[in-house]
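Take a look at the structure set out below.
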Amino acid sequence: MSEIITSVNLILAFILGSGIGWFREKEKKTAGMRTHILVCLGSALFMVLSAKMMALSAGADPGRLAAGVATGIGFIGAGCIVQTGSGVRGITTAASIWVTAAIGIAAGAGFYVEAVVSAILTIAALQVIRTFEAHYFKTKEE
């Protein structure tokens, strides 16, 4: 993997993470732009490093690093979930962090179409579905 491809992968992760984070920031959620950028960028970097390690050693397994990211990001997400007197808050924030990590893994692995489509669908879930829920279900905030 060349330095140009590596740079494209990391820049794409930065852009996609910032797009998702912008919508969370707009809603004044605890995990906003910086958090989502760092999660996406970090996940992409793990995959870039994994691909580079594969080039150095035939026995390297990129799936192991991806699995480690998926597991590790769960701890950050769990920190966003809080039980209040009226219920539980932060589940959508935790889920957005988790999917942002997956998008970073896709970008880092060079799966650009999958990363971009997933980011668009994530933004749709966070923004469009919120409007739909508010109109049809009159639900609580997150």
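The values are calculated or read from the model by the stated rules, or taken from the named source; none is laboratory data. This one's a predicted model, so the numbers in the text were calculated from it and none came from an experiment. Virtual Cβ from ideal backbone geometry, glycine too; neighbours counted across all protein chains shown.
Below is a table of values for the structure above.
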{"item": "Residue list for region 28-65, restricted to those being among the polar types (S, T, N, Q), at pLDDT below 90 and over 21 Å from Ile4 (Cβ atoms)", "result": "Thr30, Ser57"}
{"item": "Odd one out for Leu56, checked against (1) free of Cβ contacts under 8 Å to residues at least 40 places away in the same chain; (2) within 15 Å of Ala101 (Cβ to Cβ)", "result": "(2)"}
{"item": "Among the residues listed as Ser50, Ser43, the single one being touching a Leu at 6+ places or on another chain (Cβ under 8 Å), in a helix (DSSP H, G or I) and crowded, with 16+ Cβ neighbours inside 10 Å", "result": "Ser50"}
{"item": "The listed residue being of a type in the set (Val, Ile, Thr) and free of Cβ contacts under 8 Å to residues at least 40 places away in the same chain, out of Ile5, Ile15, Ile20", "result": "Ile15"}
{"item": "In region 100-140, residue nearest to Ser7 (Cα to Cα) [restricted to those that are at pLDDT below 85, assigned to a helix (DSSP H, G or I) and not β-branched (Val, Ile, Thr)]", "result": "Arg130"}
